[in-house]
Amino acid sequence: MRIILLGPPGAGKGTQAKSISNKFAIPHISTGDIFRKNISEKTPLGIEAKKHIDKGHLVPDQLTIDLIKDRLNNEDCKNGFLLDGYPRTVNQGEALKTLLDEKGHSLDTALLIEIPREFILNRMTGRRVCLTCGASYHIKFNPSKVDGKCDVCGSELVQRADDAEETVSERLDIYEAQTQPLIRYYDDKKLLSVVDGTKAIDSVFESVCGILGEIEE
Ligand code: ADP
Ligand code: ADP
Ligand code: ZN
(Lines give C-alpha, C1' and ligand atoms only; values in the text may rest on other atoms or scores of the structure.)
(Ligands and ions follow the chains in the order given, each with its own letter.)
Protein backbone atom coordinates (compact mmCIF):
# COMPACT_ATOMS: atom_id res chain seq x y z
CA MET A 1 0.00 0.00 0.00
CA ARG A 2 1.17 3.50 -0.83
CA ILE A 3 -0.44 6.12 1.33
CA ILE A 4 0.05 9.73 2.28
CA LEU A 5 -1.44 11.42 5.34
CA LEU A 6 -2.79 14.94 5.07
CA GLY A 7 -4.02 17.26 7.79
CA PRO A 8 -2.97 20.32 9.74
CA PRO A 9 -0.24 20.22 12.37
CA GLY A 10 -1.73 18.55 15.44
CA ALA A 11 -4.34 16.56 13.51
CA GLY A 12 -2.91 13.27 14.75
CA LYS A 13 -0.96 12.18 11.65
CA GLY A 14 2.07 10.92 13.55
CA THR A 15 -0.07 9.17 16.16
CA GLN A 16 -2.13 7.31 13.55
CA ALA A 17 0.92 6.65 11.39
CA LYS A 18 2.55 4.53 14.11
CA SER A 19 -0.51 2.28 14.34
CA ILE A 20 -1.03 2.10 10.57
CA SER A 21 2.61 1.19 10.02
CA ASN A 22 2.34 -1.67 12.54
CA LYS A 23 -0.94 -3.04 11.31
CA PHE A 24 -0.28 -2.85 7.57
CA ALA A 25 3.47 -3.54 7.76
CA ILE A 26 4.62 -0.52 5.77
CA PRO A 27 7.39 1.89 6.76
CA HIS A 28 6.31 5.15 8.40
CA ILE A 29 8.23 7.99 6.81
CA SER A 30 7.92 11.33 8.58
CA THR A 31 9.85 14.22 7.07
CA GLY A 32 9.45 16.08 10.38
CA ASP A 33 11.09 13.18 12.26
CA ILE A 34 13.91 13.00 9.71
CA PHE A 35 14.54 16.74 10.05
CA ARG A 36 14.47 16.57 13.87
CA LYS A 37 16.93 13.70 13.89
CA ASN A 38 19.28 15.67 11.62
CA ILE A 39 18.90 18.75 13.80
CA SER A 40 19.81 16.84 16.96
CA GLU A 41 22.83 15.33 15.17
CA LYS A 42 23.77 18.75 13.73
CA THR A 43 24.18 17.44 10.19
CA PRO A 44 24.35 19.98 7.30
CA LEU A 45 20.73 19.12 6.42
CA GLY A 46 19.72 19.62 10.05
CA ILE A 47 21.46 22.98 10.31
CA GLU A 48 19.73 24.25 7.17
CA ALA A 49 16.31 22.81 8.08
CA LYS A 50 16.41 24.29 11.60
CA LYS A 51 16.52 27.85 10.23
CA HIS A 52 13.12 27.34 8.65
CA ILE A 53 11.50 25.01 11.18
CA ASP A 54 12.16 27.28 14.17
CA LYS A 55 10.28 30.08 12.45
CA GLY A 56 7.37 27.77 11.67
CA HIS A 57 8.14 27.96 7.94
CA LEU A 58 8.46 25.09 5.50
CA VAL A 59 11.85 23.71 4.59
CA PRO A 60 12.50 24.62 0.91
CA ASP A 61 10.89 22.24 -1.58
CA GLN A 62 14.04 21.11 -3.34
CA LEU A 63 15.72 20.00 -0.14
CA THR A 64 12.62 18.11 0.94
CA ILE A 65 12.00 16.55 -2.45
CA ASP A 66 15.60 15.26 -2.68
CA LEU A 67 15.30 13.81 0.80
CA ILE A 68 12.10 11.92 0.02
CA LYS A 69 13.43 10.72 -3.33
CA ASP A 70 16.36 9.20 -1.55
CA ARG A 71 14.23 7.67 1.19
CA LEU A 72 11.72 6.11 -1.23
CA ASN A 73 14.55 4.42 -3.12
CA ASN A 74 15.28 2.45 0.01
CA GLU A 75 14.68 -1.29 -0.17
CA ASP A 76 12.02 -1.18 2.58
CA CYS A 77 9.72 0.97 0.40
CA LYS A 78 9.50 -1.57 -2.42
CA ASN A 79 6.09 -2.85 -1.39
CA GLY A 80 4.64 0.31 0.03
CA PHE A 81 5.04 3.21 2.39
CA LEU A 82 3.17 5.66 4.55
CA LEU A 83 4.19 9.28 4.14
CA ASP A 84 3.50 11.55 7.10
CA GLY A 85 4.17 15.25 6.54
CA TYR A 86 5.03 14.93 2.86
CA PRO A 87 3.85 16.37 0.50
CA ARG A 88 3.18 19.78 2.02
CA THR A 89 3.01 21.80 -1.20
CA VAL A 90 1.47 21.04 -4.59
CA ASN A 91 4.99 21.20 -6.00
CA GLN A 92 6.02 18.38 -3.64
CA GLY A 93 2.89 16.45 -4.66
CA GLU A 94 3.85 16.75 -8.33
CA ALA A 95 7.39 15.61 -7.55
CA LEU A 96 6.02 12.55 -5.76
CA LYS A 97 3.82 11.73 -8.73
CA THR A 98 6.80 11.93 -11.11
CA LEU A 99 8.82 9.71 -8.82
CA LEU A 100 6.10 7.07 -8.60
CA ASP A 101 5.36 7.25 -12.35
CA GLU A 102 9.03 6.51 -13.03
CA LYS A 103 8.76 3.36 -10.97
CA GLY A 104 5.41 2.38 -12.49
CA HIS A 105 3.76 2.81 -9.11
CA SER A 106 0.77 4.82 -7.97
CA LEU A 107 -0.69 6.17 -4.78
CA ASP A 108 -3.57 4.22 -3.20
CA THR A 109 -4.99 7.09 -1.22
CA ALA A 110 -4.37 10.47 0.35
CA LEU A 111 -5.93 10.16 3.78
CA LEU A 112 -7.01 13.47 5.28
CA ILE A 113 -7.36 13.70 9.05
CA GLU A 114 -9.80 16.55 9.34
CA ILE A 115 -9.86 18.79 12.39
CA PRO A 116 -11.00 22.38 12.87
CA ARG A 117 -8.49 25.04 13.85
CA GLU A 118 -9.91 25.54 17.36
CA PHE A 119 -8.86 22.03 18.42
CA ILE A 120 -5.28 22.45 17.41
CA LEU A 121 -3.63 24.75 19.94
CA ASN A 122 -4.43 22.46 22.89
CA ARG A 123 -3.12 19.46 21.05
CA MET A 124 0.14 21.09 20.12
CA THR A 125 1.01 22.82 23.35
CA GLY A 126 0.42 19.54 25.22
CA ARG A 127 2.42 17.43 22.75
CA ARG A 128 5.60 15.71 23.95
CA VAL A 129 7.77 13.77 21.52
CA CYS A 130 10.52 11.19 21.53
CA LEU A 131 13.40 12.26 19.31
CA THR A 132 14.77 8.72 19.20
CA CYS A 133 11.78 6.84 17.78
CA GLY A 134 9.38 9.64 16.80
CA ALA A 135 6.58 8.56 19.17
CA SER A 136 4.25 11.40 20.12
CA TYR A 137 2.36 11.80 23.40
CA HIS A 138 0.04 14.33 24.97
CA ILE A 139 0.17 15.38 28.59
CA LYS A 140 -3.63 15.08 28.88
CA PHE A 141 -4.99 13.10 25.93
CA ASN A 142 -2.29 10.45 25.56
CA PRO A 143 0.20 10.49 28.46
CA SER A 144 3.21 8.16 28.53
CA LYS A 145 3.13 5.46 31.23
CA VAL A 146 6.16 6.88 33.02
CA ASP A 147 6.17 10.65 33.20
CA GLY A 148 8.64 12.14 30.69
CA LYS A 149 9.80 8.78 29.28
CA CYS A 150 8.92 7.14 25.95
CA ASP A 151 6.80 3.96 26.30
CA VAL A 152 8.41 2.46 23.20
CA CYS A 153 12.12 3.07 23.75
CA GLY A 154 12.53 4.69 27.17
CA SER A 155 14.16 7.88 25.84
CA GLU A 156 13.39 11.22 27.40
CA LEU A 157 10.37 13.10 26.02
CA VAL A 158 10.75 16.71 24.95
CA GLN A 159 8.54 19.56 23.91
CA ARG A 160 9.21 20.70 20.34
CA ALA A 161 10.43 24.30 20.09
CA ASP A 162 8.03 24.86 17.19
CA ASP A 163 5.07 23.77 19.35
CA ALA A 164 5.26 27.02 21.32
CA GLU A 165 2.04 29.01 21.04
CA GLU A 166 3.63 31.83 18.98
CA THR A 167 4.93 29.45 16.32
CA VAL A 168 1.77 27.35 16.12
CA SER A 169 -0.33 30.15 14.65
CA GLU A 170 2.32 30.85 11.98
CA ARG A 171 2.39 27.14 11.10
CA LEU A 172 -1.39 27.05 10.77
CA ASP A 173 -1.36 30.03 8.41
CA ILE A 174 1.28 28.32 6.31
CA TYR A 175 -0.73 25.11 6.32
CA GLU A 176 -3.77 26.94 5.03
CA ALA A 177 -1.85 28.79 2.34
CA GLN A 178 0.54 26.10 1.10
CA THR A 179 -0.66 22.65 2.16
CA GLN A 180 -4.44 22.90 2.08
CA PRO A 181 -4.45 23.16 -1.77
CA LEU A 182 -3.29 19.53 -1.80
CA ILE A 183 -6.76 18.49 -0.59
CA ARG A 184 -8.29 19.73 -3.82
CA TYR A 185 -5.34 18.32 -5.79
CA TYR A 186 -5.97 14.76 -4.55
CA ASP A 187 -9.74 15.12 -4.63
CA ASP A 188 -9.52 15.99 -8.33
CA LYS A 189 -7.52 12.81 -8.86
CA LYS A 190 -10.18 10.80 -6.95
CA LEU A 191 -7.60 9.78 -4.39
CA LEU A 192 -8.86 11.62 -1.32
CA SER A 193 -10.34 9.87 1.70
CA VAL A 194 -11.32 11.66 4.90
CA VAL A 195 -11.61 10.76 8.59
CA ASP A 196 -12.89 12.87 11.48
CA GLY A 197 -9.81 13.69 13.54
CA THR A 198 -11.71 15.19 16.47
CA LYS A 199 -12.66 11.74 17.81
CA ALA A 200 -10.57 9.80 20.34
CA ILE A 201 -7.34 8.23 19.07
CA ASP A 202 -8.76 4.65 18.96
CA SER A 203 -11.89 5.70 17.21
CA VAL A 204 -9.95 7.64 14.54
CA PHE A 205 -7.85 4.51 14.02
CA GLU A 206 -10.99 2.43 13.53
CA SER A 207 -12.15 4.75 10.74
CA VAL A 208 -8.69 4.67 9.19
CA CYS A 209 -8.68 0.86 9.22
CA GLY A 210 -12.08 0.81 7.55
CA ILE A 211 -10.72 2.84 4.64
CA LEU A 212 -7.36 1.08 4.33
CA GLY A 213 -8.90 -2.36 4.78
CA GLU A 214 -11.01 -1.81 1.68
CA ILE A 215 -7.98 -0.69 -0.32
CA GLU A 216 -5.98 -3.72 0.73
CA GLU A 217 -8.60 -6.18 -0.56
P1 ADP B 1 0.55 15.58 13.80
O2 ADP B 1 1.57 14.54 13.46
O3 ADP B 1 -0.60 15.60 12.84
O4 ADP B 1 1.13 16.93 14.00
P5 ADP B 1 0.37 14.20 16.40
O6 ADP B 1 0.05 12.79 16.03
O7 ADP B 1 1.73 14.49 16.85
O8 ADP B 1 -0.09 15.18 15.19
O9 ADP B 1 -0.69 14.65 17.50
C10 ADP B 1 -0.67 15.96 18.03
C11 ADP B 1 -0.92 15.89 19.54
O12 ADP B 1 -2.29 15.52 19.78
C13 ADP B 1 -0.08 14.85 20.26
O14 ADP B 1 0.18 15.35 21.53
C15 ADP B 1 -0.99 13.61 20.32
O16 ADP B 1 -0.70 12.80 21.45
C17 ADP B 1 -2.37 14.24 20.43
N18 ADP B 1 -3.43 13.51 19.71
C19 ADP B 1 -3.31 12.83 18.55
N20 ADP B 1 -4.50 12.32 18.15
C21 ADP B 1 -5.40 12.71 19.10
C22 ADP B 1 -6.82 12.49 19.27
N23 ADP B 1 -7.54 11.80 18.38
N24 ADP B 1 -7.40 13.03 20.37
C25 ADP B 1 -6.68 13.74 21.28
N26 ADP B 1 -5.34 13.98 21.17
C27 ADP B 1 -4.71 13.46 20.10
P1 ADP C 1 3.46 18.44 12.40
O2 ADP C 1 3.57 17.18 13.22
O3 ADP C 1 3.13 19.59 13.23
O4 ADP C 1 2.55 18.27 11.23
P5 ADP C 1 6.07 17.81 11.28
O6 ADP C 1 6.76 17.08 12.34
O7 ADP C 1 5.49 17.01 10.16
O8 ADP C 1 4.93 18.76 11.88
O9 ADP C 1 7.02 18.91 10.66
C10 ADP C 1 7.69 19.84 11.48
C11 ADP C 1 8.31 20.92 10.61
O12 ADP C 1 9.26 20.33 9.70
C13 ADP C 1 7.32 21.67 9.73
O14 ADP C 1 6.70 22.74 10.40
C15 ADP C 1 8.24 22.14 8.60
O16 ADP C 1 9.00 23.27 8.99
C17 ADP C 1 9.20 20.98 8.44
N18 ADP C 1 8.71 20.02 7.43
C19 ADP C 1 8.27 18.76 7.65
N20 ADP C 1 7.88 18.17 6.51
C21 ADP C 1 8.06 19.10 5.53
C22 ADP C 1 7.82 19.13 4.12
N23 ADP C 1 7.30 18.07 3.47
N24 ADP C 1 8.14 20.26 3.45
C25 ADP C 1 8.66 21.33 4.06
N26 ADP C 1 8.90 21.37 5.38
C27 ADP C 1 8.61 20.29 6.11
ZN1 ZN D 1 10.86 6.55 21.80
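Distant-in-sequence amide contacts of Arg2, defined by a placed amide H-H separation under 5 Å and a gap of 5 or more residues or a different chain, comprise Phe81, Asp108, Thr109. The distance between label points at Ala177 and Asp202 comes to 4.2 nm (points 7 Å beyond Cα on the Cα→Cβ vector). Among Leu99, Leu63, Leu157, the residue with the largest mean-square fluctuation in a Gaussian network model of the chain, with springs joining Cα atoms closer than 10 Å, is Leu63.
For region 23-144, the fraction of C-alpha pairs farther apart than 20 angstrom is 52 percent. Mean separation of Cα pairs under 8 Å and 6 or more residues apart, divided by the residue count, gives region 3-121 a relative contact order of 48 percent.
Rounded to the nearest whole Hz, the Karplus-based 3J(HN,Hα) values (6.51 cos²θ - 1.76 cosθ + 1.60, θ = phi - 60°) of region 43-54 follow the sequence 6, x, 4, x, 5, 5, 4, 4, 4, 7, 4, 4, with x at glycine and proline. In plain terms, the chain from Met1 to Glu217 could stretch by 76.7 nm, reckoned as 0.36 nm per residue minus the Cα-Cα distance. Determine the shape class of region 142-217: with a ≥ b ≥ c the square roots of the Cα gyration tensor eigenvalues, call it rounded for a/c under 1.5, and otherwise prolate if a/b is greater than b/c, oblate otherwise. Oblate is the answer for region 142-217, as a/c is 1.5 or above yet b/c matches or exceeds a/b.
Remark on Asp151: its backbone amide H falls under 5 Å from those of Lys145, a criterion applied only to residues 5 or more positions apart or on other chains, H modelled at 1.01 Å from N. Averaging over all projection directions, the Cα-based convex hull of region 81-190 occupies 8.4 nm² in the image plane. For region 30-70, the share of accessible area belonging to carbon and sulfur comes to 58 percent (1.4 Å probe, ligands and nucleic acids excluded). In the chain, the inverse of the mean reciprocal separation of distinct Cα atoms equals 17.6 Å; this is its Kirkwood hydrodynamic radius.
Counting only DSSP H runs of at least 4 residues, each contributing -39500 (n - 2.57), and dividing by the residue count of the chain, the helix-based mean residue ellipticity at 222 nm comes to -14000 deg cm²/dmol.
What the phi angles of region 108-119 give under the Karplus curve with 6.51, -1.76 and 1.60, with θ = phi - 60°, is a coupling list of 7, 6, 10, 9, 8, 9, 8, 7, x, 4, 5, 7 Hz, glycine and proline written as x. Can you classify region 24-78 as rounded, prolate or oblate using the Cα gyration tensor, where a ≥ b ≥ c are the square roots of its eigenvalues, rounded means a/c under 1.5, and otherwise it's prolate if a/b beats b/c and oblate if not? Taking the square roots of the gyration eigenvalues as a ≥ b ≥ c, region 24-78 is prolate.
Couplings for region 17-28, taken from phi via the Karplus curve 6.51 cos²θ - 1.76 cosθ + 1.60 with θ = phi - 60°, read 4, 4, 5, 5, 4, 5, 5, 9, 6, 10, x, 8 Hz in order; Gly and Pro are left as x. Amide H contacts of Val194: Leu112, each under 5 Å away and 5 or more positions distant or on a separate chain (H built 1.01 Å from N in the peptide plane; Pro and chain starts excluded). When the solvent-accessible area of region 79-141 is split by element, carbon and sulfur atoms take up 49 percent of it, the probe being 1.4 Å.
In region 86-103, which residues have a backbone nitrogen under 17 Å from the label point lying 7 Å from Arg184's Cα in the Cα-to-Cβ direction? Of the residues in region 86-103, 88-94 have backbone N under 17 Å from the label point off Arg184. Taking every alpha-carbon pair under 8 Å whose residues sit at least 6 apart, the chain reaches a relative contact order of 30 percent.
The values are calculated or read from the model by the stated rules, or taken from the named source; none is laboratory data. What you see is a predicted model, and the numbers here were worked out from it, not measured in a lab. For neighbour counting, all protein chains shown are included, and Cβ atoms are generated from backbone atoms with ideal geometry for every residue, glycine included. Protein only, heavy atoms only, side chains kept; ligands, DNA and RNA dropped before computing areas. Shrake-Rupley method; radii C 1.70, N 1.55, O 1.52, S 1.80 Å.
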